[in-house]
């Protein structure tokens with residue numbers, strides 16, 4: 001079993017206020033056993049008592065094996081994930097935890113890294129800062145928030161990054177100037193960004209001329225994409241001969257779940273990567289924000305919560 005396939009039952013050891021609208025949640029094994037190893041940028045899936053599964057990034061230092069630390073922001077449009085954590089989750093509860101997985105990995109070999117976070121997007125960046133500091137790598141950290149009350153993990157990241165800058169929109173009167181940060185970075189630097197949609201749009205514009213392998217980002221909200229064609233198609237589950245019809249109004253994951261096939265679906269928005277499957281044949285119509293352009297072009301995997309098919313039939317392989 002890989003770490004990504006790992007299923008743990010963990011106890012809520014501590015819940016602490018981290019910033020306005022953000023809770024820090026500390027999960028540990030009830031018997032004190034080590035947890036699966038993880039890398040900076042990784043996330044886990046929480047199976048909450050209300051039956052919802054949601055993905056949350058790990059904020060703690062990857063050298064720690066005794067706990068998972070999550071930063072969970074309250075989403076005003078929550079469908080029951082963050083709302084349940086903020087209102088109902090209690091210390092001492094046992095939760096099923098899947099993973100960790102990492103679709104936002106840190107390249108630990110580069111000479112200089114630039115970390116850019118907005119709001120709750122600091123969560124994976126805190127783990128990255130811990131790792132880079134542990135390795136003695138050169139890096140800088142830019143953290144933007146709307147107002148000071150919303151800045152989480154400040155004490156931790158300030159102590160890790162020799163070059164740390166907090167940008168408060170309400171004090172400066174404008175958003176963080178990402179283009180200036182990118183322009184001032186050393187040649188060959190790698191860039192990482194996680195934050196709200198306007199920040200990620202500015203980041204993608206500022207890094208558009210850079211080699212793709214130096215540009216890394218993670219969405220915690222789905223960005224608008226062109227609507228998929230309103231057509232149905234078939235999916236075949238490799239090795240079983242089983243064929244299912246996917247109508248225009250249903251997702252692949254919806255159809256599989258209705259047929260009794262577990263999918264590992266979490267965010268349902270194409271941003272967490274939990275429902276990734278292998279594509280054996282056919283051409284996916286990618287609608288996610290997890291896979292890179294090169295990964296989408298290869299057609300080897302897809303996210304079945306939002307992506308569809310350009311071909312009449314897709315053959316997929318389930319884990």
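The values are calculated or read from the model by the stated rules, or taken from the named source; none is laboratory data. All of these numbers come straight from a predicted model, not from anything done at the bench. No Cβ is skipped: glycine too gets one built from the backbone with ideal geometry, and neighbour counts run over all protein chains shown.
For this structure, a couple of remarks:
- Here residue 25 qualifies as at pLDDT 95 or above, in contact with a strand residue (DSSP E or B) (Cβ under 9 Å, 6 or more places away or on another chain) and more than 20 Å from residue 264 (Cβ to Cβ).
- Verdict on residue 299 being at pLDDT 90 or above and on the phi > 0 side of the Ramachandran plot: yes
- Filtering region 269-285 for residues that are surrounded by fewer than 22 Cβ atoms within 10 Å (Cβ to Cβ) and at pLDDT below 85 leaves a non-empty set.
- Qualifying position, being touching a residue at least 40 places away in the same chain (Cβ under 8 Å), over 29 Å from residue 214 (Cα atoms) and surrounded by 14 or more Cβ atoms within 10 Å (Cβ to Cβ), among 97, 114: 97
- Selection status of residue 134, surrounded by 13 or more Cβ atoms within 10 Å (Cβ to Cβ), part of a strand (DSSP E or B) and not assigned by TED's automatic domain parsing to the domain that holds residue 65: no
- For region 141-159, the criterion of being in contact with a helix residue (DSSP H, G or I) (Cβ under 9 Å, 6 or more places away or on another chain) and farther than 22 Å from residue 23 by Cα is met by no residue.
- Pairs with Cβ under 6 Å, 6+ apart, first in region 16-40 and closer than 17 Å to residue 100 by Cβ, second modelled with pLDDT under 95 and not in a loop (DSSP other than H, G, I, E, B): 36/3
- Listed by position, the strands (runs of 3 or more DSSP E) enclosed by region 9-125 that each have at least 1 residues that are within 22 Å of residue 275 (Cα to Cα) are 43-47, 53-57, 68-73, 94-101.
- Residue that is modelled with pLDDT of 90 or more and within 20 Å of residue 128 (Cα to Cα), where the choices are 203, 219: 203
- Strands (runs of 3 or more DSSP E) contained in region 214-319 and holding at least 3 residues closer than 20 Å to residue 42 by Cα and either outside the structural domain of residue 74 (by TED's automatic domain parsing) or in contact with a helix residue (DSSP H, G or I) (Cβ under 7 Å, 6 or more places away or on another chain) (or both): 215-219, 301-303
- Boolean, residue 70 is more than 24 Å from residue 175 (Cα to Cα), surrounded by fewer than 16 Cβ atoms within 10 Å (Cβ to Cβ) and either modelled with pLDDT of 95 or more or within 20 Å of the chain's Cα centre (by Cα) (or both): no
- Residue count for region 41-52, restricted to those that are out of contact with any helix residue (DSSP H, G or I) (no Cβ under 8 Å at 6 or more places or on another chain) and either over 14 Å from residue 101 (Cα atoms) or surrounded by fewer than 21 Cβ atoms within 10 Å (Cβ to Cβ) (or both): 2
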